[in-house]
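See below for the structure under consideration.
Nothing in this text is a laboratory measurement; each read-out follows from the coordinates by a stated rule. The model shown is predicted, which means the values in this text are computed figures rather than measured ones. Neighbour counts run over all protein chains shown; Cβ positions are idealised from the backbone, glycine included.
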Protein chains: 6
Amino acid sequence: MADTWLTSLITETPQQGFELAITLSRRGVKYTQPDAEVLHKLRPEYANSHEALTAASQVVAINFQTVAAANNYWRK
Amino acid sequence: MADTWLTSLITETPQQGFELAITLSRRGVKYTQPDAEVLHKLRPEYANSHEALTAASQVVAINFQTVAAANNYWRK
Amino acid sequence: MADTWLTSLITETPQQGFELAITLSRRGVKYTQPDAEVLHKLRPEYANSHEALTAASQVVAINFQTVAAANNYWRK
Amino acid sequence: MADTWLTSLITETPQQGFELAITLSRRGVKYTQPDAEVLHKLRPEYANSHEALTAASQVVAINFQTVAAANNYWRK
Amino acid sequence: MADTWLTSLITETPQQGFELAITLSRRGVKYTQPDAEVLHKLRPEYANSHEALTAASQVVAINFQTVAAANNYWRK
Amino acid sequence: MADTWLTSLITETPQQGFELAITLSRRGVKYTQPDAEVLHKLRPEYANSHEALTAASQVVAINFQTVAAANNYWRK
């Protein structure tokens, strides 16, 4: 992957941090399967399985730990 | 998701922090499957499977780690 | 859930902390499936499956990390 | 469980810490299924499944993180 | 494995850190299965399974926590 | 297990730390199933399953977090 997609873990708000965690989770998938068409074909099966949705939410939670720590939890 | 749903990780009590962890876990699902009707249809299967319930509890536990750290564990 | 069940993460001993971690793990389940009868029906299947028991122990381990950190690991 | 089994997370050596992590992992199972006979019956199936053994090792790894942090990683 | 493949966890950018996390995740596989041909044969099945891709992304997320902490989250 | 196999978490290089994480992961298995012959018999099935290899890599990643923290991430 030659493109630059991650230059900082710092975000303004926790919600933006959560959305960055989602990006990280998706990128983790893309590095293993870069073919967008394959990913597109897997989607319906994926998005209709509660196991898959919970597993996805778990990866987001792990990445959110990283982003939240990076931002000192957006404490004021 | 255009709405603002997460402006702070700080809560008054550990229980509110735990409930925020539940919100984070559900949002992690919603970002992957935003269609509320699909989520509603998955629910009976989901809520009657012990594997699913344990998996859900695990995601909550991971998010609670983040929220608890953000709040310095509500130490007095 | 209107009742107050979590007012502090601080416990006197590590064992009480471990037991709090178990409470947190069960509450993570209850927030998804609040119907005690359903949970009761799932129990026999659950408590006789080694996969389920290991998965439960994993959630407890994650919650125990949080409780132990909150208590500075009960260092004297 | 009325007995006292965990009075400290501090151990003299990392190996004792690892063994404490194993105890914590087993206790996490026992709190859900206290019947020793049931656990004994599950054992052969359990100890001959690579999925189960890896899952067990993962719970130990999570508990070892806690014990190692409690001991400041046994740094001299 | 006699070759030297990991001399530092420090990277210049978060993206390089994420890519190091991917390397760590792959090396974790290779230590268990060093035969490149076997890994190559497993790939098609692997890269077309959403469960496998999410599981891979989870391992990357865990390794990224380590790399990000090592780099103090690339805070300026 | 009477033998001494873990006297320190400190390693000279991150790669040695990663290899220690692999040792910890294997020991986590051995404490549950000490019979080397059984482990040997499980190996072919194990080393040819992508699910098993990813699961193994995940345990290594968790143990590597511990070892890396113990070594202050080998920062110079």
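The table below gives the values:
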item	result
Gap separating the Cα centres of the stretch E:30-56 and the stretch C:10-34, nearest whole Å	37
27 Å Cα-Cα reach of A:Lys41 towards lysines, excluding residues that sit fewer than 8 places from it in its own chain	A:Lys30, B:Lys30, B:Lys41, E:Lys41
A:Glu45-B:Asn72 FRET efficiency (beta carbon distance; Förster radius 45 Å; 0.05 resolution)	0.60
Sites B:Val38 and A:Glu12, calculated FRET efficiency, Cβ-Cβ separation with R0 30 Å, nearest 0.05	0.45
Value in Å of the Kirkwood radius, where chain F supplies the Cα pairs that are averaged	13.6
Shortest-first distances to equivalent copies, position A:Arg43, nm, label 7 Å out along Cβ	2.5, 2.6, 4.4, 4.4, 5.1
Taking all pairs of distinct alpha-carbon atoms in the protein assembly as shown, Kirkwood radius in angstrom	22.4
Residue-averaged [θ]222 nm for chain C, counting only DSSP H segments that reach four residues, each worth -39500 (n - 2.57)	-23000 deg cm²/dmol
